[in-house]
Amino acid sequence: MGLNENSKLKGQHALFSPSQPAWLNYDDDEFVNKLTGKYRSNLGTEIHEWSAVQINLGHKVTSLREIYKDVETHIYEKYSSAEYGLSSYGRTLIFNMKYVPEETFSTVKSYINDCVVSKMETEVLVDFSENFFGTADAVRFDGKHLMIFDLKTGATPAKIEQPVIYACLYLLKYRLDPKEVSVEVRIYQSNDILRATPDANELIPVMNKIIHFDNIMNEFTGGAK
């Protein structure tokens, strides 16, 4: 008997696959929670994209309803075509908008408005090497003061070390002396702002570790690019 193969699925990974059979033990609530978590993560990506556009336009947000409706519009326009209309994926994202907590939209409002006031640049690649790099949500450097803001739409508490590492990568990339630059980092999450102002004594050890581990990786790979 020949195999009835769906070519569209070849190379794809199912959310609930045989290789990860823990879902066999889920009840209905657990199953729905897993689905909600998957699409909340994907919605976070869309919210980040929409937020970056608002910041780049210098557009402050005035209400949570504005965010909700505008993100819906962003998804609709991104996942629609003249021929087929809104894709099933786009419909699912919009359907799952109702599961995004209000505090997430409140956090996004604060993040966007603070970034606009501070004239931040969005989606900034900070790359020390091919081994150590990342994309910071929002960055501003005026020659003396470096600010890095990070937006988190998920529920898992973020650690301040992440934007600190972005700051260190930025300093390394542009060969800036941490003793001559003041640094401020923020994480916007769950209707709260986590702030830190690491000084040279905190930044230099991280910068040195990045350099050290980068050297190890280059030796490990024989200097291959």
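The values are calculated or read from the model by the stated rules, or taken from the named source; none is laboratory data. As the structure is a computational prediction, the values presented were derived from the model and not from experiment. Cβ sites come from the backbone with ideal geometry, for glycine too, and all protein chains shown count toward neighbours.
One residue stands out among those in the stretch 191-225 that are part of a loop (DSSP other than H, G, I, E, B) and more than 19 Å from Asn131 (Cβ to Cβ): the one that is modelled with the lowest pLDDT, which is Asn191.
Given the structure, is Val71 touching a Phe, Trp or Tyr at 6+ places or on another chain (Cβ under 6 Å) and within 23 Å of Arg40 (Cα to Cα)? Please lay out each step first, then the result.
Working: touching a Phe, Trp or Tyr at 6+ places or on another chain (Cβ under 6 Å): yes; within 23 Å of Arg40 (Cα to Cα): yes.
Criteria met by Val71.
Within the stretch 39-55, residues that are assigned to a helix (DSSP H, G or I) reach partners that are at pLDDT below 95 and among the aromatic types (Phe, Trp, Tyr) with beta carbons closer than 9 Å, at six or more positions or on different chains, in the pairs Tyr39/Phe95; Tyr39/Tyr99; Arg40/Tyr99; Asn42/Tyr89; Leu43/Tyr99.
Criterion first (in a strand (DSSP E or B), surrounded by 18 or more Cβ atoms within 10 Å (Cβ to Cβ), touching a residue at least 12 places away in the same chain (Cβ under 8 Å) and under 14 Å from the mean Cα position of the chain (by Cα)) does Tyr188 satisfy it?
Details: in a strand (DSSP E or B): yes; surrounded by 18 or more Cβ atoms within 10 Å (Cβ to Cβ): yes; touching a residue at least 12 places away in the same chain (Cβ under 8 Å): yes; under 14 Å from the mean Cα position of the chain (by Cα): yes.
Considered against the rule, which asks whether it is in a strand (DSSP E or B), surrounded by 18 or more Cβ atoms within 10 Å (Cβ to Cβ), touching a residue at least 12 places away in the same chain (Cβ under 8 Å) and under 14 Å from the mean Cα position of the chain (by Cα), Tyr188 comes out as yes.
Only residues that are farther than 21 Å from Ala138 by Cβ and part of a helix (DSSP H, G or I) were counted across the stretch 56-70, and they come to 3. Report, by residue number, each residue of the stretch 134-166 that is out of contact with any Cys (no Cβ under 7 Å at 6 or more places or on another chain), closer than 28 Å to Arg40 by Cα and hydrophobic (A, V, I, L, M, F, W, C). Of everything in the stretch 134-166, those that are out of contact with any Cys (no Cβ under 7 Å at 6 or more places or on another chain), closer than 28 Å to Arg40 by Cα and hydrophobic (A, V, I, L, M, F, W, C) turn out to be Ala136, Val139, Met147, Ile148, Leu151, Ala155, Ala158, Ile160, Val164, Ile165.
State whether one or more residues within the stretch 124-133 are within 22 Å of Asn42 (Cβ to Cβ) and touching a residue at least 60 places away in the same chain (Cβ under 8 Å). The answer is no; no qualifying residue exists.
Taking the stated definitions as given, is Thr73 β-branched (Val, Ile, Thr), in a helix (DSSP H, G or I) and either at pLDDT 95 or above or touching a Cys at 6+ places or on another chain (Cβ under 9 Å) (or both)? So Thr73 fits the description; yes.
If you go through the stretch 122-165 and keep only what is outside any strand (DSSP E or B), surrounded by 14 or more Cβ atoms within 10 Å (Cβ to Cβ) and aliphatic (A, V, I, L, M), you end up with Ala158, Ile160, Val164, Ile165. Scanning the stretch 61-71 turns up no residue that is touching a residue at least 24 places away in the same chain (Cβ under 8 Å) and of a type in the set (D, E, K, R). For the stretch 166-181, filtered to residues that are surrounded by 13 or more Cβ atoms within 10 Å (Cβ to Cβ) and not hydrophobic (A, V, I, L, M, F, W, C), the residue that is farthest from Tyr99 (Cα to Cα) is Pro178. Answer yes or no as to whether Glu202 is surrounded by 13 or more Cβ atoms within 10 Å (Cβ to Cβ), acidic (Asp, Glu) and under 19 Å from Asn56 (Cβ atoms). Answer is no for this residue.
Looking at Ile112, is it in a helix (DSSP H, G or I), within 17 Å of Asp192 (Cβ to Cβ), hydrophobic (A, V, I, L, M, F, W, C) and touching a helix residue (DSSP H, G or I) at 6+ places or on another chain (Cβ under 7 Å)?
Working: in a helix (DSSP H, G or I): yes; within 17 Å of Asp192 (Cβ to Cβ): yes; hydrophobic (A, V, I, L, M, F, W, C): yes; touching a helix residue (DSSP H, G or I) at 6+ places or on another chain (Cβ under 7 Å): yes.
When the stated conditions are applied, Ile112 passes them.
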